[in-house]
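Just below is one structure, and these are the notes that go with it.
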């Protein structure tokens, strides 16, 4: 079966491209994406996400295309498209449904369709399968089969890569699950875990990030409490962390495509069956409030420093959703910036990693090209822990600021002792 396998990967973003490149070391691969600019870049060996090296992208066993008809050459099709939430925090399945329609139009008998996109339990069989049947005219479990294998890609993480993260797989029949496991076993050195059903695999994915979201929410709530009590949260966590079973989780802005989105998928399905989740949604409310809390803290510190808040100048360093990745989609830093602007603060945003065109398109924010462009500033907010910021010293900040400035260190990057000598310093 493996010798005759041709694999198509639908969606070549942070998840799809690394997977396609890994599979191409063992199978012929068709990489399909609707973004023609992305396809042309990949043909030249360019990955704007920075996740895959040029030499791996240019593997002759991968065909990069926007032509959906090439899917007919594949007998295994893996769907890796985004699954965000809409403005009402409900699952937005537009990309998933469109991709499934595309696959269905080009589905041939005997093909296995595997979904990696994050969904609520039951989505693959209840939403995707009917679309595949309608578009193809084929019958599920007779003419084609489906599986689910949740993606576990962590953008920017050079240690936990696709190959060394255990892969969960599931199929609509035991035979389908075994075939999917055999394919992934070719590239996953850490091993493959076969879940007993597709719903179990779907649920496993959403609770991974829901658990993390709730843990961060607890730290964020504690950070707000300790701020009221005049206690440094980082010092408390350092002390508590000396116990062997204390979970090492930090407070912070919770953005990106997984942690702030997945809990809503689980909550949506829960409410559909008449169960009203309490803890899951409470965690989301806390984490969504953090940008507002930090903005209010900036305003209070500016007043404490004797500044006039209206038209004061603040530099925000970092706008991507996490350190050392160019992706700014669903970044909570953007929420923080909007809050500051609503107070009448003139905000300058500098990020050496972010794609400036995407930031402008997503948020209407124009990045400054040089950190000194609008200096001197009344205050600086270090929002993202980019490696370019890690070695900055108090003197570097003094060069950027005017008299009696404030420094807000969201991620607790710098030495509190050093910075308090020179600035009104605060960290989450």
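Just so it is clear, none of the values below were taken in a lab; they were calculated from the coordinates. Computed from a prediction, not measured in an experiment: that's the story for all the values here. FYI the Cβ positions are ideal-geometry reconstructions off the backbone, even for glycines, and counts take in every protein chain you see.
General remarks:
- Sites residue 36 and residue 58 - FRET efficiency at Förster radius 22 Å, r taken between beta-carbons, to 0.05: 0.75
- Label-to-label distance, residue 273 versus residue 90, with points set 7 angstrom from Cα along the beta-carbon direction: 2.0 nm.
- Once the Cα-Cα distance is subtracted from the 0.36 nm per residue extended length, the residue 373 to residue 211 segment shows a gain of 54.2 nm.
- C-alpha long axis of helix 198-229 to longest principal axis of the chain, angle in °: 0 degrees
- Segment 2-199 - share of DSSP beta bridges that are antiparallel (%, nearest 5): 10 percent
- Crossing angle, helix 332-342 versus the chain [Cα axis fit, 0-90 degrees, rounded to tens]: 40 degrees
- Segment 91-122-segment 350-428 distance, computed between alpha-carbon centres (Å): 42 Å
- Separation between Cα centres of segment 205-224 and segment 1-26, rounded to whole Å: 33 Å
- Fraction of antiparallel bridges per DSSP, the chain only, in percent to nearest 5: 5 percent
- Mean shadow area of segment 2-199 over all directions, Cα convex hull, nm²: 10.6 nm²
- FRET efficiency for the pair residue 304 and residue 387, taken as 1/(1 + (r/R0)^6) with r the Cβ-Cβ distance and R0 = 22 Å, rounds to 0.10.
- Cα gyration tensor category, rounded, prolate or oblate, for the chain with a/c compared to 1.5: prolate
- For segment 204-303, the fraction of alpha-carbon pairs in successive 10 Å shells from zero, as %: 15, 40, 31, 13, 2
- The chain, relative contact order in percent, only Cα pairs under 8 angstrom and at least six apart counted: 10 percent
- Length-normalised contact order of segment 2-199 in % [C-alpha pairs under 8 Å, at least 6 apart]: 18 percent
- A simple spin-label model places pseudo-atoms 7 Å from Cα toward Cβ; at residue 285 and residue 248 they are separated by 3.3 nm.
- With Cα atoms, 0 to 90° folded angle of helix 262-272 axis to the chain main axis: 60 degrees
- Ordered from longest to shortest, the equivalent ellipsoid semi-axes for segment 276-414 are 24, 19, 15 Å, each the square root of 5 times a Cα gyration tensor eigenvalue.
- In the chain, helices alone account for a calculated mean residue ellipticity at 222 nm of -11500 deg cm²/dmol, with every DSSP H run of four or more residues adding -39,500 (n - 2.57).
- GNM top mover of 411, 387, 313 - the chain, alpha-carbon springs below 10 Å: 387
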